[in-house]
Amino acid sequence: MKVSAVLIRAGAIYAPEELGPGEVLMVHDRIVAIGSKITLPEWITATIIDAPDAMLIPGFVDMHVHMAGGGGEGGPQFRTPEIRLSQLIRAGVTSVVGVLGTDGTTRSVSGLLAKARALGEQGLSTWIYTGAYEIPTRTITGSARDDIILIDRVIGIGEIAINDHRGSHPSDQELLHLASEARVGGLLAGKPGILHLHVGEGKSGLRSLFRMMEIGDLPISTFVPTHLNRHARILADAITWGNQGGYCDLTTGIVSTAREPEGLSAADSAVVLEQQGVPWEHISFSSDAQGSIPVFDEQGHLIRMDIGSSRTLFDEVVKLHEKTGWSWERCIRPITSTPARILGQKDIGQLKVGSVAHAVLIKDNQIDTVIAKGQIMMNQGRIMHWDTFEQGDLHGY
């Protein structure tokens with residue numbers, strides 16, 4: 001009986017290390033060989049993808065997605081829908097971490113877990129954070145620590161809001177206690193035990209995190225703040241945080257506009273952080289996909305509501321490459337190997353023998369073909385696998 005496989009012949013391979021032209025063989029859900037020329041054994045029947053004018057890179061890791069929907073600021077009509085499989089595939093995302101946000105009442109961690117399991121059944125690698133903006137936060141078991149220990153896909157706590165008028169304004173002790181719950185839960189479960197923090201636009205910036213380092217004994221890697229490019233004063237704090245050894249997660253959906261000039265692009269912010277001495281391996285990108293993006297006036301009134309997209313991930317990588325002239329090997333790390341390492345996942349975010357068979361073919365700086373767990377999910381821009389209830393080819397959705 002022959003085993004089916006996928007053999008990709010690419011003009012360039014970035015694992016993310018540059019390997020030059022070559023071939024990658026995937027059997028079932030794993031990469032089993034990488035080389036300049038792979039000879040197939042007789043017991044393998046392979047689907048061959050010839051892409052001499054494309055580069056093959058690891059599938060993208062998006063560690064901040066409102067996969068079960070989010071939002072609600074402004075009323076229930078602003079609750080964003082669940083993400084669809086095709087949206088993630090078109091964006092090249094093969095590994096994803098789900099979060100709740102402002103609304104921990106009409107959204108639940110249980111619902112988020114169900115959505116993560118659904119996307120997992122459909123071919124992606126998926127995890128979630130337990131919790132929502134507020135402290136005491138939302139859980140499944142009644143204990144954030146127990147959620148991490150007992151529930152397979154729960155790898156940390158988040159997104160907890162700090163420096164934001166929509167958060168619960170936790171005290172230092174409350175925040176430190178929750179970080180300890182994440183840390184100990186991770187140790188007992190063999191998981192990263194992250195406290196993932198939504199950083200708002202308030203004036204206190206990252207002061208609460210700096211105080212955590214002064215009064216607590218937790219490793220700085222326990223804390224993973226995001227949205228650090230939403231304002232210049234937040235980015236200034238991120239420089240200090242990164243130089244102390246902290247992780248700096250930048251949101252690719254944030255850009256500077258005439259109405260919102262404070263926002264800084266992830267690409268521009270990454271360059272600033274790197275120039276100010278923050279280790280490149282501590283800088284990651286995430287999309288905030290399906291999250292509502294409320295825009296308030298100076299009086300706190302809602303002006304309009306936007307929605308995040310995972311497609312911004314690779315857009316910012318392309319901008320980074322074009323802006324700096326840096327190698328693709330360097331530019332793709334914030335969406336591949338770096339978030340994988342932050343999440344404690346050794347078999348995603350890279351192309352190596354034994355790793356999960358997640359890969360993306362890039363042609364003319366566009367996502368062309370996506371493979372997840374050895375399945376061809378998109379081929380030359382055409383979706384091959386859809387959500388259970390998706391109908392037809394909703395191109396560009």
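The values are calculated or read from the model by the stated rules, or taken from the named source; none is laboratory data. Quantities reported herein were computed from a predicted structural model and do not represent experimental measurements. Here Cβ is always computed from backbone atoms with ideal geometry, including for glycine, and neighbour counts include all displayed protein chains. SASA here: full protein model, heavy atoms, side chains in, ligands and nucleic acids out. Shrake-Rupley method; radii C 1.70, N 1.55, O 1.52, S 1.80 Å.
Average the reciprocal distances over every distinct pair of alpha-carbons in segment 36-178, invert the result, and give the Kirkwood radius in Å.
17.2 Å
Find the Rg to Rh ratio for the chain, where Rh is the Kirkwood radius over alpha-carbon pairs and Rg uses the same atoms. Mind showing how you got there, number by number?
Numbers: Rg = 20.5 Å, Rh = 21.2 Å.
Radius of gyration relative to Kirkwood radius: 0.96.
Give me the one-decimal nm value for the distance between modelled label points at H165 and E322, 7 Å along each residue's Cα-to-Cβ direction.
Spacing of the two 7 Å Cα→Cβ label points: 3.6 nm.
Give the accessible area for R138 in Å² (nearest 10); use a 1.4 Å probe, count only protein heavy atoms, and leave out ligands, DNA and RNA.
Estimated to the nearest 10 Å², R138 gives 100 Å².
Please give the direction-averaged projected area of the C-alpha convex hull for segment 217-282, in square nanometres with one decimal.
Details: hull surface 17.3 nm².
Result: 4.3 nm².
Put +1 on the Cβ of every Lys and Arg and -1 on every Asp and Glu Cβ in the chain; which of S269, L150, L25 then has its Cα farthest towards the positive end of the dipole?
Comparing the listed Cα positions along the dipole, L25 ranks first.
Grab the alpha carbons of segment 281-361, take their convex hull, and tell me the volume per residue in Å³. Mind showing how you got there, number by number?
Numbers: hull volume 11.6 nm³, N = 81.
Measuring per residue, one finds 143 Å³ for the Cα hull of segment 281-361.
Among the listed pairs K191/K346; K203/K319; K346/K373; K323/K352; K319/K363, give every one whose C-alpha distance is greater than 21 Å. Display every interim value, and only then the final one.
Values: K191/K346 12 Å; K203/K319 29 Å; K346/K373 15 Å; K323/K352 29 Å; K319/K363 15 Å.
Over 21 Å Cα-Cα: K203/K319; K323/K352.
Please say if segment 95-190 is rounded, prolate or oblate, where rounded means a/c under 1.5 for a ≥ b ≥ c the square roots of the C-alpha gyration tensor eigenvalues, and otherwise the choice is prolate for a/b larger than b/c and oblate otherwise?
Here segment 95-190 falls in the oblate category.
In debye, nearest 20: dipole of segment 152-215 around its Cα centre with unit charges on the Cβ of K, R (+) and D, E (-)? Walk me through the numbers on the way to the answer.
Values: 7 positive and 8 negative charges, 18 e Å.
The calculation lands at about 80 debye.
Around T252, which amide H atoms from residues at least 5 apart in sequence, or from another chain, sit under 5 Å from its own amide H, with H modelled in the peptide plane?
Long-range HN contacts for T252: S286, S287.
Please work out how much accessible surface E17 shows to a 1.4 Å probe, ignoring ligands, DNA and RNA, in Å² rounded to 10.
80 Å²
In a solvent-free Debye calculation with one equal scatterer on each Cα, what is log10 I(q)/I(0) for segment 183-298 at q = 0.11 Å⁻¹, listed in the order of the q values?
The computed values of log10 I(q)/I(0) come out as -0.37.
How large, in percent, is the carbon and sulfur part of the accessible surface of segment 215-338 at a probe radius of 1.4 Å? All intermediate terms of the calculation are to be shown ahead of the outcome.
Values: 2250 of 4860 Å².
That fraction is 46 percent.
Can you compute the charge dipole magnitude of segment 181-329 about its Cα centre, using +1 on each Lys and Arg Cβ and -1 on each Asp and Glu Cβ, nothing else charged? Give it in debye, rounded to the nearest 20. If you can, show how the numbers build up before the last one.
On the way: 12 positive and 19 negative charges, 43 e Å.
Dipole size: approximately 200 debye.
Along the charge dipole of the chain, which of W326, P170, V360 sits closest to the positive end, that is, farthest toward it, with unit charges on the beta carbon of Lys, Arg, Asp and Glu (+1, +1, -1, -1)?
Of W326, P170, V360, it is V360.
Short version: ³J(HN,Hα) in whole Hz for each residue of segment 220-234, in order, from phi by Karplus 6.51 cos²θ - 1.76 cosθ + 1.60 (θ = phi - 60°), x for Gly and Pro, what are they?
Whole-Hz 3J(HN,Hα) from phi for segment 220-234: 5, 5, 5, 9, 10, x, 10, 6, 6, 9, 7, 7, 4, 6, 5.
Give the ranking of E322, E121 by solvent-accessible surface, highest area first, calculated with a 1.4 Å probe.
On the way: E322 125, E121 160 Å².
The residues order as E121, E322, largest area first.
Enumerate the calculated ³J(HN,Hα) couplings along segment 180-185 in order (Karplus 6.51 cos²θ - 1.76 cosθ + 1.60, θ = phi - 60°), each rounded to whole Hz, writing x wherever the residue is Gly or Pro.
Ordered by residue, 3J(HN,Hα) equals 5, 4, 5, 4, 5, x Hz.
Mind checking the dipole of the chain: about its Cα centre, +1 per Lys or Arg Cβ, -1 per Asp or Glu Cβ, Debye to the nearest 20?
On the way: 34 positive and 45 negative charges, 117 e Å.
The calculated dipole for the chain is roughly 560 debye.
Given 20 °C and 1.002 mPa s, how large is the Stokes-Einstein diffusion coefficient of segment 1-119 in µm²/s, with Rh as the Kirkwood radius over Cα pairs?
Working: Rh = 17.0 Å.
Once the numbers are plugged in, D ends up at 126 µm²/s.
What percentage of the solvent-accessible surface of segment 87-141, computed with a 1.4 Å probe over protein heavy atoms, is contributed by carbon and sulfur atoms?
Details: 750 of 1540 Å².
C and S atoms contribute 49 percent here.
Is segment 198-240 best put as rounded, prolate or oblate by its Cα gyration tensor, with a ≥ b ≥ c the root eigenvalues, rounded for a/c under 1.5, and otherwise prolate when a/b is larger than b/c, oblate when not? Walk me through the numbers on the way to the answer.
Values: a/c = 2.22, a/b = 1.81, b/c = 1.22.
Prolate, since a/c reaches 1.5 and a/b exceeds b/c.
With a 1.4 Å probe and all protein chains kept in place, how much accessible area does K352 have, in Å² rounded to the nearest 10?
The accessible area of K352 comes to roughly 80 Å².
With the other protein chains left in place, how much accessible area per residue, in square angstrom, belongs to segment 319-397 at a 1.4 angstrom probe?
Values: 3760 Å² over 79 residues.
The answer is 48 Å² per residue.
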